[in-house]
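The values are calculated or read from the model by the stated rules, or taken from the named source; none is laboratory data. Because the structure is predicted, anything quoted here is derived from the model rather than measured. Cβ coordinates were reconstructed from backbone atoms using ideal geometry, including for glycine residues, and neighbour counts include every protein chain displayed. All accessible areas refer to the heavy atoms of the entire protein, side chains included, with ligands and DNA or RNA removed. Shrake-Rupley method; radii C 1.70, N 1.55, O 1.52, S 1.80 Å.
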Amino acid sequence: MPITVLGAGVAGLCVATELSARGHAVRVHDPNGIPGPHACSWWAGGMLAPFCEGETAPEPVVRLGQESAAWWRQHGAQVISDGSMVVALGRDRGELDRFARRTTSHQWLDVDQIAALEPDLAGRFSRALYFADEGHLTPRAALAALTDHLGTRGVPITRDRPAQTTGPTIDCRGLTARDALPDLRGVKGEMLVLRCPEITLRRPIRLLHPRIPIYLVPRGDGHYMLGATQIETAERARASVRSVLELLSAAYALHPAFGEAEIVEIGVDARPAFPDNLPRIRRRGDTIYVNGLFRHGFLLAPALARMTVDHIEYGIIPEVMHDAHS
């Protein structure tokens with residue numbers, strides 16, 4: 001019996017890809033069609049940085065996130081494995097020490113080591129943290145790779161939902177699934193795409209700040225994704241002047257060249273999250289809900305897809321299927 005996947009964001013596409021790779025008949029339905037600006041996956045940073053996320057995220061995020069880079073490579077996405085760098089301005093040096101205490105798998109860099117890895121940051125920071133085992137990808141290209149791969153395997157993404165389904169349904173609709181998951185909430189994020197050919201950064205750079213930490217992710221050809229705010233609201237539009245000013249000010253503090261950068265895009269959306277910011281796999285009859293990836297969509301979707309298909313094939317209870325609503 002074909003398995004129906006609802007939602008063509010990063011969660012739905014990863015689940016459909018895992019199903020197809022294991023020989024299952026699958027169909028994907030999304031009323032908006034293929035991935036685009038309507039999906040929060042479109043605006044993601046694409047950092048595959050489980051150890052950095054450990055600064056605030058629970059242990060499962062760090063552990064499960066380590067599966068992501070290999071999975072994305074296996075399914076056609078280009079993963080750049082140049083690590084991550086974390087820096088702080090002089091007045092925020094304590095933030096860097098705190099970050100180091102709360103994370104693992106990093107090394108301290110001095111001035112010369114920073115310059116060797118990122119020449120355009122030479123002399124700007126006295127020390128930094130380097131996470132060598134992390135990487136990043138371009139979300140839109142990764143989503144397109146999965147969409148194309150599914151197409152070659154005869155798995156279409158349709159806008160019209162089947163009137164009747166005879167097999168299991170896997171619901172990956174993100175915030176739209178609040179009609180079935182009442183404890184799901186939205187966490188708004190605002191981001192910008194900048195074009196700044198005057199500076200070259202090879203890897204994601206996180207600039208710590210007590211209130212608005214930022215990250216810059218290279219997208220190639222002088223483009224950078226700058227993000228991201230984290231606001232407790234399900235609002236999916238309207239970037240505020242305050243947020244944009246704070247993001248741009250932080251980028252300028254990282255390097256003055258960003259003061260002359262071109263603003264190519266401003267993006268806003270709300271990420272689905274449960275109260276503890278951990279994802280859930282919930283089964284109700286023939287429907288399995290995969291949701292709550294919070295800010296870890298590209299990092300955790302591969303592990304959630306694996307666990308979902310393991311549950312379908314072998315009846316294995318996923319470790320994230322652990323609450324009263326399961």
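Among the residues of segment 250-280, which ones are under 18 Å from the mean Cα position of the chain (by Cα) and of a type in the set (Val, Ile, Thr)?
266, 268, listed by residue number.
Being in contact (Cβ under 8 Å) with a residue 12 or more places away in the chain, in a loop (DSSP other than H, G, I, E, B) and of a type outside the set (A, V, I, L, M) is the filter here, so list the residues in segment 301-321 that pass it.
Step one: list which residues in segment 301-321 are in contact (Cβ under 8 Å) with a residue 12 or more places away in the chain, which gives 301-309, 311-313, 318-321.
Among the residues that remain, those that are also in a loop (DSSP other than H, G, I, E, B) are: 318-321.
Scanning segment 301-321 gives 318, 319.
Quick test for you: out of 252, 289, pick the one residue that is part of a helix (DSSP H, G or I) and not basic (Lys, Arg).
Values: 289 fails: part of a helix (DSSP H, G or I).
On inspection, the qualifying residue turns out to be 252.
List pairs: first residue in segment 275-300 and within 23 Å of residue 189 (Cβ to Cβ) and in contact (Cβ under 8 Å) with a residue 60 or more places away in the chain, second residue among the basic types (Lys, Arg) and in a loop (DSSP other than H, G, I, E, B) anywhere in the structure, Cβ distance under 9 angstrom, at least six positions apart or on different chains.
Qualifying pairs under 9 Å: 277/295; 289/173; 291/173.
For segment 248-279, give me the residue count where each residue is closer than 17 Å to residue 44 by Cα, out of contact with any Asp or Glu (no Cβ under 9 Å at 6 or more places or on another chain) and small (Gly, Ala, Ser).
So the answer is 1.
Kindly indicate the residue of segment 226-249 that is small (Gly, Ala, Ser) and part of a helix (DSSP H, G or I) and also nearest to the chain's Cα centre (by Cα) among those meeting that condition.
Step one: filter segment 226-249 for residues small (Gly, Ala, Ser), giving 227-228, 234, 237, 239-240, 243, 249.
Adding the requirement that they be part of a helix (DSSP H, G or I) leaves 243, 249.
Details: 243: 20, 249: 23 Å.
Residue satisfying both the conditions and the ranking: 243.
Do any residues in segment 233-261 that are touching a residue at least 12 places away in the same chain (Cβ under 8 Å) have Cβ atoms under 6 Å from those of residues that are of a type in the set (Lys, Arg), where the two are at least six apart or on different chains, and which pairs are they?
Pairs that qualify, where the first residue is touching a residue at least 12 places away in the same chain (Cβ under 8 Å) and the partner is of a type in the set (Lys, Arg), are 233/188; 235/188.
Determine whether segment 76-91 contains at least one residue that is open to solvent by 40 Å² or more (accessible area, probe 1.4 Å), within 30 Å of residue 253 (Cα to Cα) and in a helix (DSSP H, G or I).
Yes, there is a match, as at least one residue in segment 76-91 is open to solvent by 40 Å² or more (accessible area, probe 1.4 Å), within 30 Å of residue 253 (Cα to Cα) and in a helix (DSSP H, G or I).
This table checks each residue for (1) in contact with a Ser or Thr (Cβ under 9 Å, 6 or more places away or on another chain); (2) surrounded by fewer than 23 Cβ atoms within 10 Å (Cβ to Cβ); (3) assigned to a loop (DSSP other than H, G, I, E, B).
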residue: 1; (1), (2), (3): yes, yes, yes
residue: 5; (1), (2), (3): yes, no, no
residue: 8; (1), (2), (3): yes, no, yes
residue: 16; (1), (2), (3): no, no, no
residue: 23; (1), (2), (3): no, yes, yes
residue: 33; (1), (2), (3): yes, yes, yes
residue: 38; (1), (2), (3): no, yes, yes
residue: 41; (1), (2), (3): no, no, no
